[in-house]
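*Asks:* Here it is: the structure, laid out below.
The values are calculated or read from the model by the stated rules, or taken from the named source; none is laboratory data. Just so it is clear, the structure is predicted and the values come from calculations on it, not from any experiment. As a convention, Cβ positions derive from the backbone with ideal geometry for all residues, glycine included, and neighbour counts pool all protein chains shown. For accessibility, only protein heavy atoms count, side chains too; no ligands or nucleic acids. Shrake-Rupley method; radii C 1.70, N 1.55, O 1.52, S 1.80 Å.
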Amino acid sequence: MPDTTYLVAAVLISAAVTWALRALPFAALAPLRASGTVQYLSTRMPAGIMVILVVYCLRDLPLTHARVAAPLAALTVTVGLHLWRRNALLSILGGTAVHVALASTVFAR
């Protein structure tokens, strides 16, 4: 069994490493907040990420099948709700509800 000094040193080193790893993001972000590049990306990335997600989700959708209507209707509702209310949570929940309702009832496989 290791002696007490070894155990105390192991616990203290583990605590120091854990504290440093948790504090590092805050220390690294402070200088970045004033960066013009980071400010530009913070305004442009959300829209870019949403476009990538839409393309990824709809890329394999067969446009000749009737089941394409459920995702496209959900996309239309999501975009419409977001343009109308500017509320991301409402848009996501509304689009999801429309997709689940259509995919599980009208366009069930």
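*Asks:* Can you name the residue in segment 17-50 that is within 23 Å of the chain's Cα centre (by Cα) and aromatic (Phe, Trp, Tyr) and is also surrounded by the fewest Cβ atoms within 10 Å (Cβ to Cβ) among such residues?
*Replies:* The selected residue is Phe26.
*Asks:* Here is a follow-up. Which residue pairs have Cβ atoms under 8 Å apart, sit 6 or more places apart or on different chains, and have a first residue in segment 80-98 that is within 17 Å of Cys57 (Cβ to Cβ) and open to solvent by less than 60 Å² (accessible area, probe 1.4 Å) and a second that is in a helix (DSSP H, G or I) and among the charged types (D, E, K, R)?
*Replies:* Ser91/Arg85
*Asks:* Quick test of your reading of the structure: Leu63 fulfils all but one of (1) over 23 Å from the mean Cα position of the chain (by Cα); (2) part of a helix (DSSP H, G or I). Name the failing condition by number.
*Replies:* Here Leu63 meets the rest and fails (2).
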